Amino acid sequence: MEMLNTEQQVALDTQLGQGAQSTPAALNWPERGWPFANYQAQVQFALDHAGRVVAADFSDSEKTALRQNTGSVTEYSAEHTGYLAELIVKSHCGMFTAERAKPAARMQMARDQQMAKQMLANTQNDKVNVLIAGAQHVRKDIGVPLWLGELPALSILMVSVAESTDPTDYLPKALAADSPASAIADLIWFVSAIPAVDYCAQLTGK
């Protein structure tokens, strides 16, 4: 799970088989940003039934070290880095340039690589790994699947339904403009819409 970092692995291993009784405190759950209520069912089910529940993300101290040296991160391609930078600019309401966003793009790449590393390290021939992460991380054209090597991966995006009834309207823009839909994800699952929030207004105060 992207929501869990390496410093929580001991707690997760200790709680294995005790999912129904597991609490946020026992798991050192990072409530800020990841409300436990949103993930409780998945976490408790996994702890009761999976061979292991793995923290996929870096710890806070590891992230701090990376932010100070994002130039050390292995890049996939210049186009890939530029695309991630543009996404970051858009998600921050155009408050800075794509060039300034490149360190953050490399940080996202490093996290994708870490999640892939954790999946590869915990792969068993007779088991199926399930990564729970944000949509950008699980996309086949830009996220974790790029770093899985020969490990087969099925990418599923969960997308909330808006007013449009055309499924193609929900597809993200691919890294390569002429890419087929299957280059982004294998499946798109539509889920109920959530209340719209104007995050740009919160950031800019307008």
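The values are calculated or read from the model by the stated rules, or taken from the named source; none is laboratory data. Predicted model only: the values in this text are computed from it and were never measured. With ideal geometry, Cβ positions are generated from the backbone for all residues, glycine too; neighbour counts draw on all protein chains shown. Accessible surface is based on the protein model in full, side chains and every heavy atom, while ligands, DNA and RNA are left aside. Shrake-Rupley method; radii C 1.70, N 1.55, O 1.52, S 1.80 Å.
If you roll a 1.4 angstrom probe over the protein chains with everything in place, what fraction of the accessible area of the chain belongs to carbon and sulfur, to the nearest %?
Working: 6770 of 12420 Å².
The nonpolar share, carbon plus sulfur, comes to 55 percent.
Rounded to the nearest 500, the 222 nm mean residue ellipticity of the chain from helices alone is -11500 deg cm²/dmol, with -39,500 (n - 2.57) taken per DSSP H run of at least 4 residues. Multiplying the residue separation of GLN202 and GLN18 by 0.36 nm and removing their Cα-Cα distance gives an extension gain of 62.2 nm.
Placing unit charges on the Cβ atoms only, positive for Lys and Arg and negative for Asp and Glu, gives the chain a dipole magnitude near 420 debye about its Cα centre.
For the options ALA177, ALA153, ALA56, a Gaussian network treatment of the chain with springs between C-alpha atoms closer than 10 Å singles out ALA177 as fluctuating the most.
Report Rg(Cα)/(2.2 N^0.38 Å) for segment 42-89, keeping two decimals. Spell out each step's value before the answer.
Numbers: Rg = 16.2 Å, N = 48, 2.2 N^0.38 = 9.6 Å.
That works out to 1.69 for segment 42-89.
Restricting to Cα pairs below 8 Å that are 6+ residues apart, what does the relative contact order work out to for the chain? Please round to a whole percent.
Details: 238 pairs, mean separation 36.0, N = 206.
It rounds to 17 percent for the chain.
If Rh is defined by the Kirkwood formula over all Cα pairs and Rg also comes from Cα, what ratio Rg/Rh do you get for segment 83-168?
Computed over Cα atoms, the ratio is 1.04.
Report, in listed order, any pair from LYS102/LYS140; LYS63/LYS140; LYS90/LYS140; LYS117/LYS140; LYS63/LYS127; LYS90/LYS117 with a Cα-Cα distance greater than 26 Å. Don't skip to the end; give the middle numbers.
On the way: LYS102/LYS140 20 Å; LYS63/LYS140 24 Å; LYS90/LYS140 20 Å; LYS117/LYS140 16 Å; LYS63/LYS127 30 Å; LYS90/LYS117 28 Å.
Distance filter (> 26 Å) returns LYS63/LYS127; LYS90/LYS117.
Expressed as a fraction of 2.2 N^0.38 Å, the value expected for a compact globular protein of N residues, the C-alpha radius of gyration of segment 152-206 is 1.42.
Take segment 46-104 with all the other protein chains still there, run a 1.4 Å probe, and you get 58 Å² of accessible area per residue. For segment 1-91, the Cα-based Rg and Dmax, in that order, read 16.3, 47 Å.
Counted over all Cα-Cα pairs of the chain, pairs farther apart than 28 Å make up 34 percent.
You can think of it this way: the chain between LEU187 and ALA25 has 54.9 nm of extra reach, that is 0.36 nm per residue less the Cα-Cα gap. Spin-label pair ASP48-GLN124: with each label point 7 Å from Cα along the Cα-Cβ axis, the two points sit 1.9 nm from one another.
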